[in-house]
1. Just to check I understand the Karplus step: with θ = phi - 60° and J = 6.51 cos²θ - 1.76 cosθ + 1.60, what whole-Hz values come out for segment B:315-322, glycine and proline as x?
2. Of B:Lys91/B:Lys126; B:Lys126/B:Lys171; B:Lys126/B:Lys256; B:Lys272/B:Lys400, which pairs sit farther than 21 Å apart, going by alpha carbon to alpha carbon?
3. Exceeding 26 Å between C-alpha atoms, which entries from my cross-link table qualify? They are B:Lys311/B:Lys346; A:Lys81/B:Lys373; B:Lys317/B:Lys379; A:Lys28/B:Lys116; B:Lys83/B:Lys193; A:Lys15/B:Lys82.
4. Taking the Cα centre of segment B:231-309 as origin and charging only Cβ (+1 Lys, Arg; -1 Asp, Glu), how large is the dipole, in debye to the nearest 20?
5. Give the residue from A:Ser59, B:Ile230, B:Leu77 lying farthest towards the positive end of the charge dipole for the protein assembly as shown; charges sit on Cβ (+1 for Lys and Arg, -1 for Asp and Glu) and the dipole is referred to the Cα centre.
6. Return the long-range amide H neighbours of B:Phe257 (sequence gap of 5 or more, or a different chain), with a cut-off of under 5 Å between placed amide H atoms.
7. Count neighbours as other Cβ atoms within 10 Å of each site's Cβ, and list the GluC sites (Glu not before Pro) in segment B:262-362 that are DSSP loop with at most 11 such neighbours.
8. Among B:Ile140, B:Ile321, B:Ile372, B:Ile40, what is the fewest-to-most ranking by other Cβ atoms within 10 Å?
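Since every read-out is calculated from the coordinates, none of them should be taken as a lab result. None of the values given here were measured: they were computed from a predicted structure. FYI the Cβ positions are ideal-geometry reconstructions off the backbone, even for glycines, and counts take in every protein chain you see.
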Amino acid sequence: MRVIVKGRAQGTILKSEEPINFLGTVDKITGRVRDRAHPLYQKPMAGSVLLFPYGIGSSVGAYTIYSIQSHGAAPVAMICKRADLTVATGCALANIPLILIGDDEFERMRDGQRVAVDAESGQASVNVQS
Amino acid sequence: MYDRTNIIFVTVRRIVELTREEESALGGEYGEVQETAYRILVATGEATDAERLVPIRWAHLSGVNYNTIGDAGEAFLSDLSKKDGARVRVKTTLNPMGFDADSVSDYDLGDDFVSKQMSIRDSYEKMGVIPSFSCIPYEIFDIPESGTQVAFAESNAAIHANSVDGLRTNKESAFSALASALTGKSPYSAMRKDNTPDVTVRMMIDDPDEMAYGMLGFFAGRAADSSVAISGIPNMDTRSCKSLCGGMGTAGTCAKFELGDAPGSEKVDFDKREMQSVHDELNTAEGGDLITLGSPQLGLGEIRDLSMMLKGRSFVKDCMIFCPRAVVEQARRLGHTREIERAGAKILSDCCTCLTPLIDPGRIDAVTTNSIKGGYYLKNSTGVGVNLRPLSGIIEDYTK
């Protein structure tokens with residue numbers, strides 16, 4: 001398990017079992033997923049801790065993450081199962097904490113739970129409250 | 001207060017070890033630009049299993065064409081370039097943009113596209129980047145000594161650097177290459193280390209033309225994740241080598257080839273059947289309304305060859321030839337452009353077949369090209385039909 005981008009944040013988990021294609025499906029201003037078939041369709045990401053398996057699609061999607069941060073529509077932290085360069089560099093550009101967790105933890109974390117992510121030092125923790 | 005019974009406690013760690021100096025930069029001690037750049041390097045290093053950063057001597061950036069990076073990219077670069085300390089620290093060169101400013105008024109691109117593209121160009125220039133707008137930096141700049149670490153984001157250039165020029169680079173993202181330019185550092189991940197191919201592709205095609213090499217590259221790039229050996233190539237001219245690098249860079253993550261048989265590796269044949277299958281995937285039209293040459297852009301030798309092939313002939317269809325500005329200037333002095341322009345072709349600098357909005361799918365149904373890389377992007381991004389023909393066939397069929 002890894003810290004990809006350090007930082008601290010608290011928020012409510014917004015969970016997607018499906019990967020997210022930032023370039024192809026996320027609105028650059030509102031941060032909402034435009035794909036009707038996606039579990040996060042039209043759900044606001046702002047202020048959430050976004051929990052999803054990994055990002056897919058063009059690496060230019062990193063600029064989408066920067067853009068939604070500039071428009072106040074970005075999650076306060078992201079948690080993934082697997083590293084991909086699009087989400088990693090996007091969170092780095094936008095200074096959004098990003099950590100990777102294992103399958104077990106991913107299963108146990110649920111949509112709507114309150115969570116505190118502390119990825120400030122070399123060690124980091126995620127505390128979840130149901 | 002958290003309900004302790006529901007606490008999920010996860011411990012995570014970082015694997016990229018930083019020097020004290022690098023740690024200070026990441027902590028913001030040297031300003032916001034360095035902090036952001038180090039954040040990108042660390043994030044990239046974590047995602048690619050790098051245990052540290054290494055110094056690099058040359059960065060080549062992608063993420064230049066407004067057609068690909070869009071408003072969000074334009075805004076990011078504009079913001080970044082205005083910040084204190086936003087200067088590149090090593091030699092930094094640049095991929096093609098969307099058009100050639102000398103002839104853009106001949107096309108119907110719209111003022112918004114042109115002004116956004118110019119803003120991107122200005123942002124890079126403000127940061128000290130050399131405005132080379134070329135995907136063949138290896139043909140227009142001096143190559144540093146063998147073993148030098150560089151950071152190339154253009155895939156054909158990264159493969160050429162690793163395989164032909166003796167340099168070391170990952171297939172960088174636009175972001176890691178930019179961060180490398182701003183810091184002079186890059187994550188020490190897979191391709192920078194010694195890398196033995198675990199697959200050998202056996203080239204079985206007799207008398208291959210440059211398109212066969214492009215399809216070989218495309219096939220080999222899919223067969224191997226990071227590096228590949230290719231046997232059965234006695235010699236390869238520049239045009240074929242660039243075609244191979246372009247095809248390979250388009251197909252996947254493979255960032256290096258070496259010639260010969262890698263001992264103990266898995267063997268895969270590239271014969272007529274395999275070549276046909278790549279051809280069938282990318283060739284979608286029987287003919288084209290427009291011919292494009294270049295992707296990768298043409299170098300001086302290729303322009304000279306082309307001018308000889310076109311002697312006394314004229315194109316019967318529109319033809320765009322993509323060539324770096326530095327090469328066009330040299331070719332013009334040497335008289336190589338005269339015959340090409342007389343034959344009716346347009347020579348365009350600073351842009352390339354891939355992702356240029358000058359090829360408008362509203363007006364063009366299909367494009368004839370000898371570039372496998374170009375064909376891939378024309379089909380999948382531009383959205384036009386693709387008619388693959390080797391250069392000799394293009395001259396035969398489309399000039400008289």
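1. Ordered by residue, 3J(HN,Hα) equals 6, 9, 10, 4, 9, 10, 10, 9 Hz.
2. Numbers: B:Lys91/B:Lys126 14 Å; B:Lys126/B:Lys171 25 Å; B:Lys126/B:Lys256 33 Å; B:Lys272/B:Lys400 31 Å.
Check vs 21 Å cut-off fails for B:Lys126/B:Lys171; B:Lys126/B:Lys256; B:Lys272/B:Lys400.
3. A:Lys81/B:Lys373; B:Lys83/B:Lys193; A:Lys15/B:Lys82
4. Using Cβ point charges on Lys, Arg, Asp and Glu, segment B:231-309 gives about 260 debye.
5. Of A:Ser59, B:Ile230, B:Leu77, it is B:Leu77.
6. Amide H neighbours of B:Phe257: B:Ser163, B:Val228.
7. For GluC sites (Glu not before Pro) across segment B:262-362 that sit outside H, G, I, E and B with at most 11 neighbouring Cβ atoms in 10 Å, the list reads B:Glu286.
8. Working: B:Ile140 17, B:Ile321 23, B:Ile372 31, B:Ile40 28.
Final ranking by Cβ density, sparse to dense: B:Ile140, B:Ile321, B:Ile40, B:Ile372.
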